[in-house]
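**Student:** Structure incoming, see below.
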Amino acid sequence: MGLAVFLVAAAMAVAGGIGVVAFHEPIRSVLSLVVVMLALAVLFLLLSAQFVFVVQVIVYAGAVMVLFLFVVALLGPAKELGRGRLRFQPWLAGLFAAVFLILLWVMLQGVQYRQPAITDLHIFGTVQWIAVELFTKYLYPFELTSLLLLVAAIGAIYLSKRSIEDL
Amino acid sequence: MMPLAATAVDLTYSWSQALADLSQIAPIATLTLFLLFAIVVDLALPKSRRGDAVAMVAAVGYVLSLATAFYRWNYGDNGPAYQGYATGDKFSLFFEMLFAVLGILTLAVSHSYLKRRRFVAGEFHVLILAAVIGMMVLASATSLVTAFLGLELLSISLYIVCGYARGETKSQESAAKYLLVGGFASAFVLYGMALVYGGTGTTLIPDIAKTLQASSSSNPLILLGIVLMGVGFAFKISAAPFHMWTPDVYQGAPIPVTAFMSVGTKAAGFAMVIRIFAGGLPHLAPEWQVLLAFVAATSMIVGNLMAIVQSSLKRLLAYSGVAQAGYVLIGVIAGGQADPAVRAAGLASVLFYLFVYMFMNFGAFAVVTALAGPEGDRDRLSDLEGLYRRSPLMAILMTVFMLSLAGFPPFVGFFGKLFLFTAGVSAGYTWLVVVAVVMSVVSVYYYVRVLIPVWSSSVRTDKLEWSVSSTMAIVLSGALSLVLGLYPTTVLIASTLGVPISFFGP
């Protein structure tokens, strides 16, 4: 059962990913991205990470994608121009991808997959568990992330101000 | 759903533990405090006084951070912190001191530059502070998670300052290019890290080493991870064949930024390479040594040959930086050998070279910074014409930097290369050292070519304005490039001490 769900969700994620790069209309790419996000959410659920599942659906599939849709809607239904390609580019790309896939396949034959560590699934993945982990074990990376976001915000303000005198 | 009482987890993180952890990362914490203070100052003061005040706050922050690191180097009991996610060992302290000094130099040079070009100063200093913090985090990271966060903190700050000249297309282009290529490289690093995590089950670097020691057979997941991380690191230290972004980004960015990142990202990138490859994956050394040897050889050849044809000083120094990354990689490769003596010599030579490279390369960029006018950077070779008339001191110092970069004795660049190449030979990579020596000879051509306009007679007699702070920074860099060459022992001892003990064990 779990395997079947995984296979379906994984196939949807890959198909969505291909859709993102393959479609020419931005709106279709955005909608494909929604498919990827939702499929990933299902994968998180399979890994018993309920909280991440909820966040993935609300924040990514919800909020972030709505922003994307807004931008696309504001810019109008523009179409990506298919110019600037070499004549043999599709064939070459296919060839390289095939070679890379074969290499990857050969290489991955000897992989030793680890067994997952046994955790208490009653608390694993819950909000409380994540909070405890964040503020004890991952305290330092967590604080670093806040600093990172602060710097990104400063940069966004500086770069997007209309004139430097506004600062 | 379980009742809440049953899900309660015991919280064992006490105040004393928190303080002990904080003191291990004291230089980073100090600088972060001053970063936040600088933001408040920038907001609170009237516009006319902001720039100077923020610069002052940043200066105090750098000096205090340097002092803290120095104190901890001598008296602190250095060890892991935050459940093993960071460390305050001598390796990280060495780099923290290096980055604090770099911050001071950058501040000194950029202060007058920003005034001359009429840029807003506040955000600039704040972003450079953030980048320095990112570099320190990277150097003190003992987990893949922290290392990645440090890398991103440093990169994001730099993407923004690269586009700091908002009216200039070149600066914008530089920022956009750096953002795209940097994001690409980060993705490589992250993918590699994820695979290593998947193969070992931990992100803590010492634990990765232990796990790999226990399982003797090599796991393809980890090998793939090494390749992907190696590609990402090569992007970050701008080593060939992943260097294409370097000249364009260096040329477009404002010169103090170029000077800062040419030294800073390189040192931080190498700190990360040493931590992860030499510290976390010593059992797979033959695999990553082959990868790095290829990258080193290409970097030296491509960097030096391409530098010959450049007419822009920024581009020339960018290609020279690519070549220098190749030289330093020789030391890293030697740092993967099983023999502890060879290993220590290799890693110590890397630390030594990165430290002295800061002064000679930053100094060269700092001289070019002073040439910049209100309308833009002047970095053509011809802009240096008659420098010996316009400013004899700067002409002499530029000569020192160039000869040091080329590796002439008695300047410090010679000793840096000497240590790197000796380590390379004793590690058995003689062919690589032969390539390095041959390419060093080639490099003399373009370094000396920079000096021709400096000492040529020219009709240009316009005086250059030298601000006190940037003159002091340049003189300090020049003096150290010479003095450290005459007495290399102090830094060499520090570099040797900076190689953590844990790297020697199996």
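Each reported figure results from applying straightforward, stated rules to the coordinates on display, with no laboratory input. Since we're looking at a predicted model, the values are computed, not measured. Here the Cβ positions follow ideal geometry from the backbone for every residue, glycine too, while neighbour counts run over all protein chains shown.
**Student:** Send over the Kirkwood Rh of segment B:308-379, from the inverse of the averaged 1/r over different Cα pairs, rounded to one decimal Å.
**Tutor:** About 14.0 Å for segment B:308-379.
**Student:** Tell me, what is the percent relative contact order of segment B:326-365, built from C-alpha pairs under 8 Å that lie six or more residues apart?
**Tutor:** Relative contact order for segment B:326-365 comes out at 35 percent.
**Student:** Which order do the peptides A:44-53, B:20-29, B:249-258, B:225-234 take when ranked by the mean count of other beta-carbon atoms within 10 Å per residue, highest first?
**Tutor:** Top of the packing list down: B:249-258, B:225-234, B:20-29, A:44-53.
**Student:** Separate question: Give the range of the longest stretch in chain A that excludes all trypsin sites (Lys or Arg not before Pro) found in loop regions by DSSP and having at most 11 other beta-carbon atoms within 10 Å.
**Tutor:** It runs A:1-78.
**Student:** If you place +1 on the Cβ of every Lys and Arg, -1 on the Cβ of every Asp and Glu, and leave all else neutral, what size is the dipole of chain B about its Cα centre, to the nearest 20 Debye?
**Tutor:** My answer is approximately 1100 debye.
**Student:** Work out the charge dipole of chain B with +1 on the Cβ of Lys and Arg and -1 on the Cβ of Asp and Glu about the Cα centre, then indicate which of B:LEU381, B:TYR197, B:THR32 is farthest towards its positive end.
**Tutor:** Farthest towards the positive pole: B:LEU381.
**Student:** Another one. Structure shown: which of B:LYS90/B:LYS236; B:LYS90/B:LYS417; B:LYS90/B:LYS266; B:LYS47/B:LYS314; B:LYS170/B:LYS417; B:LYS47/B:LYS266 lie over 28 Å apart, alpha-carbon to alpha-carbon?
**Tutor:** Table pairs above 28 Å Cα-Cα are B:LYS47/B:LYS314; B:LYS170/B:LYS417; B:LYS47/B:LYS266.
**Student:** Note down the relative contact order for chain B as a percent, whole number, built from C-alpha pairs under 8 angstrom at least six residues apart.
**Tutor:** 14
**Student:** Something else now. Placing +1 at every Lys and Arg Cβ and -1 at every Asp and Glu Cβ, with all other atoms neutral, what dipole size does the protein assembly as shown have around its Cα centre, in debye to the nearest 20?
**Tutor:** 1480
**Student:** Express in whole angstrom the spacing between the alpha-carbon centres of segment A:11-73 and segment B:357-397.
**Tutor:** The distance from the Cα centre of segment A:11-73 to that of segment B:357-397 comes to 51 Å.
**Student:** If packing is taken as the mean number of other Cβ atoms within 10 Å per residue, what is the order of B:134-145, B:270-281, highest first?
**Tutor:** B:134-145, B:270-281
**Student:** From the phi of every residue in segment B:362-374, what ³J(HN,Hα) in whole Hz does the Karplus formula 6.51 cos²θ - 1.76 cosθ + 1.60 yield, where θ is phi - 60° and glycine or proline is x?
**Tutor:** 4, x, 4, 5, 5, 4, 5, 4, 5, 6, 5, x, x
**Student:** Using a 10 Å cut-off on Cβ to Cβ distances, tally the other chain neighbours for every residue of B:23-32 and report the average as a whole number.
**Tutor:** 1
**Student:** To check my understanding: the extent here is largest minus smallest coordinate of the Cα atoms along each principal axis. What are those three numbers for segment B:20-504, in Å, largest first?
**Tutor:** Reported extents, whole Å, longest axis first: 69, 54, 41.
**Student:** Can you find, among B:SER391, B:ILE301, B:LEU221, the residue sitting farthest towards the positive end of the charge dipole of the protein assembly as shown, where Lys and Arg contribute +1 and Asp and Glu -1 at Cβ?
**Tutor:** B:SER391
**Student:** Other chains' Cβ within 10 Å of A:120-131 residues: what's the mean?
**Tutor:** Per residue, the number of nearby Cβ atoms from other chains is 2 on average.
**Student:** Pick from A:GLU143, A:GLU25, A:GLU133: which residue has the top mean-square fluctuation in a GNM of chain A where Cα pairs under 10 Å get a spring?
**Tutor:** Of A:GLU143, A:GLU25, A:GLU133, the Gaussian network model singles out A:GLU143 as fluctuating most.
**Student:** I'd like the distance separating the alpha-carbon centroids of segment B:430-449 and segment B:133-198, in whole Å.
**Tutor:** About 30 Å separates the Cα centre of segment B:430-449 from the one of segment B:133-198.
**Student:** Hey, what D do you get for segment A:1-77 in µm²/s if you plug the Kirkwood alpha-carbon radius into Stokes-Einstein at 37 °C and 0.692 mPa s?
**Tutor:** 255
**Student:** In peptide A:133-146, what is the residue-averaged number of other protein chain Cβ atoms found within 10 Å of each Cβ?
**Tutor:** Per-residue shielding by partner chains comes out at 6.
**Student:** Tell me which residues come under 5 Å, amide H to amide H, from B:ALA141 once H is placed; ignore anything under 5 positions away on its chain.
**Tutor:** HN-HN under 5 Å from B:ALA141: empty list.
**Student:** Could you tell me what a quarter of the Cα convex hull surface of the protein assembly as shown works out to, in nm² with one decimal place?
**Tutor:** The orientation-averaged projected area of the Cα hull of the protein assembly as shown comes to 31.9 nm².
**Student:** Separate question: Toward the positive end of the charge dipole of segment B:20-504, about the Cα centre and with charges on Cβ (Lys, Arg +1; Asp, Glu -1), which of B:ILE276, B:LEU149, B:THR490 goes farthest?
**Tutor:** B:THR490
**Student:** In percent, how large is the relative contact order of segment A:1-77, given Cα pairs closer than 8 Å and 6 or more residues apart?
**Tutor:** Normalised by residue count, the contact order of segment A:1-77 is 29 percent.
**Student:** Along segment B:337-348, what does the Karplus equation 6.51 cos²θ - 1.76 cosθ + 1.60 (θ = phi - 60°) give for ³J(HN,Hα), rounded to whole Hz, x for Gly and Pro?
**Tutor:** Each residue of segment B:337-348 in turn: 5, 6, 5, x, 5, 4, 4, 4, 4, x, 5, 4 Hz.
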